1. If you put +1 on each Lys and Arg Cβ and -1 on each Asp and Glu Cβ, how big is the dipole of region 113-204 around its Cα centre, in Debye rounded to 20?
2. Where the only charges are on Cβ atoms (+1 Lys, Arg; -1 Asp, Glu), what is the dipole of region 117-157 about its Cα centre, to the nearest 20 debye?
3. Amide H to amide H, which residues 5 or more places from Ile188 or on other chains are under 5 Å from it, using H placed in the peptide plane?
4. Net charge around Gly281, counting only other residues with Cβ within less than 14 Å of its Cβ (Lys, Arg = +1; Asp, Glu = -1)?
5. Rank these by accessible area, largest first, 1.4 Å probe: Lys240, Lys198.
6. Roughly how big is region 213-314's charge dipole about its Cα centre, with Cβ charges of +1 (Lys, Arg) and -1 (Asp, Glu), in debye to the nearest 20?
7. Given a 1.4 angstrom probe, what's the average accessible area per residue across region 232-277, in square angstrom?
8. Compare Tyr291, Tyr148 by solvent-accessible area with a 1.4 Å probe and give them largest first, with all protein chains kept in place.
Amino acid sequence: MASTSRGEALALPRVQCPNHPETILVEDYRAGDMICPECGLVVGDRVIDVGSEWRTFSNEKALKDPSRVGDAQNPLLNGGDLTTMISKGTGAASFDEFGNSKYQNRRTMSSSDRAMLNAFKEISTMADRINLPRNIIDRTNNLFKQVYEQKSLKGRANDAIASACLYIACRQEGVPRTFKEICAVSRISKKEIGRCFKLILKALETSVDLITTGDFMSRFCSNLGLPKQVQMAATFIARKAVELDLVPGRSPISVAAAAIYMASQASAEKKTQKEIGDIAGVADVTIRQSYRLIYPRAAELFPPDFKFDTPVDKLPQL
């Protein structure tokens, strides 16, 4: 028999193997069975598929929707979004003698569910624009739901809260994005996202890990088309500069940009400050300020096995 643990009201019941409770079950879609891969026990049978019945392709949207069921079940909405909507009748039998409709919707979607659904759509759109995976979207949705239900950010726009939740989710999942990157895919200012970010951390009593130069290095170098050797050198330079306390008070993004500039200038794949600034989202003057701090000790910052195309004493002094 399956052992089922009932969680909160909104949580779905958990089905697990009594002999291997931590094992991820395998679903046999044809038979509707949930099978334990360790011992082969059929833990659950006649499982209901909560996915969509039909797939609608982009060129078929204008045609009649053949689906006889609703969207996939969403446990973040009240009632799992399994509401029933009765369409308006057209025949004479649909109205009483006073002209009122006989069949009315007993329960339509609440305003809170509607607000959350709109926020979930906005989160999904923003995440798609910067190619974020599904697990970050799910974490963002959960964060938004917690904030929305606590009502601790009353007066703030839902789009601003959603943008801040996306920023927090990226940080918590170990793939941080800058505020400017979030601003680029949302309609909210950097200042407003920053305010909501601080308020959400305080309201949920949570925290995020401090960002480091290594969090952005591989993505920035990849977008710039720099080879692996330059990326490794830039990572080494940035880490060494922080260890030697050469860049006190500078943001990790500006230090990473300056390290990339130094490494690229020493290699054959040279990049300008403007090219790096456009990718990193920092101004040219910010890169120059960080570069000037690390330039005097440039000889100590490069890895021992780095192959110089331009010697250290020939690097730009700015």
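1. Working: 18 positive and 9 negative charges, 73 e Å.
Value, rounded to 20: 360 debye.
2. Numbers: 8 positive and 4 negative charges, 28 e Å.
The calculated dipole for region 117-157 is roughly 140 debye.
3. none
4. Numbers: positive: Arg177, Lys180, Lys190, Arg219, Lys274; negative: Glu181, Asp215, Glu275, Asp278, Asp284.
Around Gly281, the surrounding residues sum to 0.
5. On the way: Lys240 65, Lys198 145 Å².
Putting Lys240, Lys198 in descending order of accessible area: Lys198, Lys240.
6. On the way: 13 positive and 11 negative charges, 18 e Å.
Once rounded to the nearest 20, the dipole reads 80 debye.
7. Details: 1820 Å² over 46 residues.
That works out to 40 Å² for each residue.
8. Tyr148, Tyr291
The values are calculated or read from the model by the stated rules, or taken from the named source; none is laboratory data. What you are looking at is a predicted structure, and each value in this text was computed from that prediction instead of being measured. FYI the Cβ positions are ideal-geometry reconstructions off the backbone, even for glycines, and counts take in every protein chain you see. For the accessible areas, the whole protein counts, side chains as well, though only heavy atoms, and no ligand, DNA or RNA atoms are used. Shrake-Rupley method; radii C 1.70, N 1.55, O 1.52, S 1.80 Å.
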